[in-house]
Amino acid sequence: MGYLCSQCHTRLEGGGESKDEPPHRCTQCGAEAGLEKEKGMPPAMRYFGFVVVGAAVAALSGGIISRVAG
Ligand SMILES: [Zn+2]
């Protein structure tokens, strides 16, 4: 589980043996507050999912249009 600094958006590894404890401070800007748990999918994966869904919708609507037109 990673953490994100809300000040400078640096990704931080958690502390402790399990890497699950919140870091005490940001290694980049030294902020002690605003270190938030990284949640869910990384933005790149979310973007990829959006592209896949968009392509599927486009293919589907394209098929419907060609049926209606043809
Ligand atoms: Zn920071």
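What to note about this one:
- When +1 charges are put on Lys and Arg Cβ atoms and -1 charges on Asp and Glu Cβ atoms, the dipole computed for the chain relative to its Cα centre reaches about 460 debye.
- In this structure, the amide hydrogen of A31, modeled 1.01 Å from its nitrogen in the peptide plane, lies closer than 5 angstrom to those of C26, counting only residues at least 5 positions away or on a different chain.
- The longest stretch of the chain left intact once loop-based trypsin sites (Lys or Arg not before Pro) with at most 12 other Cβ atoms within 10 Å are removed from consideration, loops following DSSP, is 40-70.
- Helix-only arithmetic for the chain: the sum of -39500 (n - 2.57) across DSSP H runs with n ≥ 4, divided by the residue total, places the mean residue ellipticity at 222 nm at -14000 deg cm²/dmol.
- With the cut-off at under 11 Å, measuring from each backbone N in segment 21-59 to a point 7 Å along the Cα-to-Cβ line of S6 picks out 33-37.
- Extreme residue, positive dipole direction of the chain, given options A56, L35, G15 (C-beta unit charges): A56
- Under the simplified labelling scheme, the R67-E13 pair shows an inter-label distance of 5.3 nm, with each label point 7 Å from Cα along Cα→Cβ.
- Spin-label model distance (nm) - E21 vs F50, 7 Å beyond Cα toward Cβ: 3.7
- For segment 12-35 versus segment 45-70, the gap between their alpha-carbon centres in whole angstrom: 42
Coordinate-derived values only; no laboratory data. Because the structure is a prediction, the values reported are computed rather than measured. Neighbour counts run over all protein chains shown; Cβ positions are idealised from the backbone, glycine included.
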